Amino acid sequence: MAELQRTPLYDLHLELGAKMVPFAGYDMPVQYPLGVMKEHLHCRAEAGLFDVSHMGQVILRGAGAAAGLEALIPQDVIGLEAERQRYGFFTNEAGGIEDDLMFANRGDHLFLVVNAGCKEADVARMRAALEPDVSVEFIENRALLALQGPAAEAALVVLAPEVAKMKFMDVATVSLNGAECWVSRSGYTGEDGFEISVPVDAAVELTRILLSDERVEPIGLGARDSLRLEAGLCLYSHDIDAATGPVEAALTWGIQKVRRTGGAREGGFPGADVILGQMAEGVARKRVGLLPEGRAPMREGTELFADAEGDGAIGVVTSGAFGPSLQAPMAMGYVPSDMSAVGTRLFGEVRGKRLPVQVAKLPFIPANFKR
Amino acid sequence: MKFTEEHEWLREEDGLIVVGITEHASEQLGDVVFIDLPEEGTEVTKDEEICVIESVKAASDILAPLDGEIVEVNSMLVDEPSKVNDDPLGDAWFFKMKPSDLSPMDDYMDEAAYKKFVG
């Protein structure tokens, strides 16, 4: 087995008493002494600080960068205003999703954040596809922090008053404790907050300063997962993957009008025929929220059935956990489109027993963004 | 009190054996969110999986530590699974059983041996 990589905050995680686990090739904190449940609730009540330095940070520079990226993703990149960020996904020729990402227009370049497990492939894909006048720079000298929760703004304003002006999905260059940081007002918890790209040599000190604020607690991957699931957000290679398209995944809100059928820059991304065809004609299965009626969590891989007995599985759970804020088990999964209406009663097979579960609206916990 | 390698504790009380999980086990599991208990009156065989306990992280099984009959279960845990984290050795017992064979008790660890076992 290949040796696990460490983020610049590795020693600090150990000092804070984190329990470390392998994740996407990195040795990462799954929880701190507070524990998953309390970390989750603290993030929704005040603020949590996450080390997400394992994720890939990439800069695209050159006149053709936006047009070049549009050839790989079905989003409006050219029309993205300066100092703004957008959610997107790389597609393949079959119409599946190769990775999901955030991309920002930082004036003279595009800044991308991609998943840890896909970052090498994403960089290789962009280097192969983009014109030679577009440089693809893999940023390895920066850590990435996420400060999330209703008190995130108050905690960051102490270091940089100007972040108070930022709105959801704004990006800015901000000096934090003397370090040039690339800040976006975004995250993956459903809460207001910031993602902060900080030079490696300034990362530990900045983290210590943020944690010295009594409103801020370090949060591990365990609570990160339950927070994003309550927020109805997909985890790549679980809820979406190369064999699943954005229409099935209920992510068509992320495809802007200009790239859709009839738009000024219609298609022109991998799998456009398939994906635009599915938008027009519909798909056989869809990603939905699921609320078990009982208390038993339905974990990833739980098979779904239309009835309490007989017949084969009609779908599967792709993420499932107990929701600490919801105070109930919750899940996401894929079901046939004609069974995807909210309120449809299905059955999930847990340890040989078929337990009732209802198709539910996502997100489970309303988002708390600063619009 | 006796302890098993499966991190269960056993305590004799009025001719019955009360069974729960150890503090070490509850810490390793993390926050407990769901418990599925056996039915009262069930005849069980040693090492049979009779309870399911789910934490924020994963599901694990509780094995019957002895042959016998389940005479009482702690139904409070169904509504308040977090009790397992708060008071694993006290209020959060899982079930009481009437053993039909007590001989495995001799093989189970005392507190000192269990402490050594979990390091």
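The values are calculated or read from the model by the stated rules, or taken from the named source; none is laboratory data. Because the structure is a prediction, the values reported are computed rather than measured. In this analysis, Cβ positions are derived from the backbone assuming ideal geometry, glycine residues included, and neighbour counts consider all displayed protein chains.
Remarks
- Residues satisfying the stated conditions in the stretch A:122-133, i.e. surrounded by 21 or more Cβ atoms within 10 Å (Cβ to Cβ) and touching a helix residue (DSSP H, G or I) at 6+ places or on another chain (Cβ under 9 Å): A:MET126
- Looking only at the stretch B:50-80, and only at residues there that are within 9 Å of another protein chain (Cβ to nearest Cβ) and touching an Asp or Glu at 6+ places or on another chain (Cβ under 7 Å), the one that is nearest to B:LYS98 (Cα to Cα): B:VAL52
- Wholly enclosed helices (runs of 4 or more DSSP H) of the stretch A:1-95 bearing at least 1 residues more than 30 Å from B:SER26 (Cα to Cα) and not acidic (Asp, Glu): A:65-70
- Exactly one residue out of A:ARG354, A:ARG371 is modelled with pLDDT of 95 or more, of a type in the set (D, E, K, R) and more than 24 Å from A:GLU248 (Cβ to Cβ): that is A:ARG354.
- Qualifying residue in the stretch A:264-278 (condition: free of Cβ contacts under 8 Å to residues at least 40 places away in the same chain and surrounded by 20 or more Cβ atoms within 10 Å (Cβ to Cβ)): yes
- Residue count for the stretch B:83-94, restricted to those that are surrounded by 13 or more Cβ atoms within 10 Å (Cβ to Cβ) and within 14 Å of chain A (Cβ to nearest Cβ): 3.
For every residue, the table says whether it meets (1) touching a Pro at 6+ places or on another chain (Cβ under 7 Å); (2) crowded, with 20+ Cβ neighbours inside 10 Å.
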| site | (1), (2) |
| --- | --- |
| B:PHE3 | no, yes |
| B:HIS7 | no, yes |
| B:ARG11 | no, no |
| B:VAL18 | no, no |
| B:GLY41 | no, no |
| B:VAL56 | no, yes |
| B:GLY68 | yes, yes |
| B:GLU72 | no, no |
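- Across the stretch A:325-346, the number of residues qualifying as more than 14 Å from chain B (Cβ to nearest Cβ) and within 21 Å of A:CYS234 (Cβ to Cβ) comes to 12.
- The stretch A:208-246, subset among the β-branched types (Val, Ile, Thr) and surrounded by fewer than 23 Cβ atoms within 10 Å (Cβ to Cβ), residue nearest to A:ALA152 (Cα to Cα): A:ILE209
- Residue match in the stretch A:59-66 (condition: touching a residue at least 40 places away in the same chain (Cβ under 8 Å) and under 28 Å from A:PHE23 (Cβ atoms)): yes
- Residues satisfying the stated conditions in the stretch A:217-270, i.e. within 14 Å of the chain's Cα centre (by Cα) and more than 15 Å from A:ARG44 (Cβ to Cβ): A:LEU221, A:CYS234, A:LEU235, A:TYR236, A:SER237, A:HIS238, A:ASP239, A:ILE240, A:ASP241, A:ALA249, A:LEU251, A:GLY254
- For the condition at pLDDT below 95, of a type in the set (A, V, I, L, M) and farther than 25 Å from A:PRO33 by Cα, B:VAL78 qualifies.
Residue by residue, here is whether (1) assigned by TED's automatic domain parsing to the domain that holds A:SER212; (2) hydrophobic (A, V, I, L, M, F, W, C); (3) over 14 Å from the mean Cα position of the chain (by Cα) holds:
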site: A:ASN105; (1), (2), (3): yes, no, yes
site: A:HIS109; (1), (2), (3): yes, no, yes
site: A:LEU112; (1), (2), (3): yes, yes, no
site: A:ASN115; (1), (2), (3): yes, no, no
site: A:GLU120; (1), (2), (3): yes, no, yes
site: A:ALA128; (1), (2), (3): yes, yes, yes
site: A:ARG142; (1), (2), (3): yes, no, yes
site: A:ALA146; (1), (2), (3): yes, yes, no
site: A:VAL157; (1), (2), (3): yes, yes, yes
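- Screening the candidates A:PHE90, A:PHE50 for the property of being over 23 Å from A:SER325 (Cβ atoms), within 16 Å of the chain's Cα centre (by Cα) and in the same structural domain as A:TRP253 (by TED's automatic domain parsing) yields one hit, A:PHE90.
- Top-ranked residue in the stretch A:301-324 [being in contact (Cβ under 8 Å) with a residue 40 or more places away in the chain, out of contact with any strand residue (DSSP E or B) (no Cβ under 6 Å at 6 or more places or on another chain) and surrounded by fewer than 17 Cβ atoms within 10 Å (Cβ to Cβ); ranked as farthest from the other protein chains (Cβ to nearest Cβ)]: A:ASP307
- Candidate set: the stretch A:159-175, residues that are over 15 Å from A:ARG106 (Cβ atoms) and among the aliphatic types (A, V, I, L, M); chosen: the one surrounded by the most Cβ atoms within 10 Å (Cβ to Cβ): A:VAL163
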